[in-house]
Amino acid sequence: MSNQKNLHDVHHGNDGLAKNPQANADQRHQGAVARDGESPQWHGHHGAFHNPNAGPQVKADALDKMQSLAKDAGKR
């Protein structure tokens with residue numbers, strides 16, 4: 001599951017960079033572009049992962065689906 005978790009952490013890194021007031025405008029833009037390039041489906045699975053009512057299997061499935069969508073994005 002570490003690959004999927006890494007993908008999830010990359011999303012949070014890009015989101016943090018996009019919102020960082022200490023980053024310059026180009027850095028914030030790069031973070032926003034990378035974050036916003038994720039599909040709406042990816043964001044839905046990301047929400048499921050962070051749902052406090054989701055059980056461990058739901059979270060694991062959400063990570064797997066995020067990884068699958070990220071791999072498919074490279075084929076477009």
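I want the local charge near Ala32. Using Cβ-Cβ distances under 10 Å, sum +1 for each Lys or Arg and -1 for each Asp or Glu among the other residues.
Details: positive: Lys19, Arg28, Arg35; negative: Asp15, Asp36.
It works out to a net charge of +1.
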Most fluctuating of Ala32, Ala60, Ala23 in the GNM of the chain (C-alpha, under 10 Å) is Ala23
What is the distance in Å between the Cα centres of the range 49-69 and the range 9-44?
20
Under-25-angstrom lysine pairs by C-alpha in the chain, whenever the two are 8 or more apart or on separate chains
7
0 to 90° range, to nearest 10: angle between helix 2-19 axis and the chain longest Cα axis:
30
Based on a Kirkwood Rh over C-alpha pairs, give the Stokes-Einstein translational diffusion coefficient of the chain at 37 °C and viscosity 0.692 mPa s in µm²/s.
253
Taking θ = phi - 60°, what integer Hz values does the Karplus form 6.51 cos²θ - 1.76 cosθ + 1.60 yield along the range 25-42, in sequence order, with x for Gly and Pro?
4, 5, 5, 4, 5, 4, x, 5, 5, 5, 5, 6, x, 6, 6, x, 5, 4
With labels modelled as points extended 7 Å from the Cα through the Cβ direction, what inter-label distance (nm, one decimal) is found for His50 paired with Asn6?
2.3
Compute the angle between helix 56-73 and the longest alpha-carbon principal axis of the chain, please, reported from 0 to 90 degrees and rounded to the nearest 10.
50
Want the number for Asp64 to Ala25: 0.36 nm per residue separation, take away the alpha-carbon distance, what's left?
10.8 nm
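All of the numbers you see were taken from the coordinates with simple rules; none came from a lab. Remember, it's a predicted structure, so these values are computed and weren't measured experimentally. Glycine also receives a Cβ, built like all others from the backbone with ideal geometry; neighbour counts cover every protein chain displayed.
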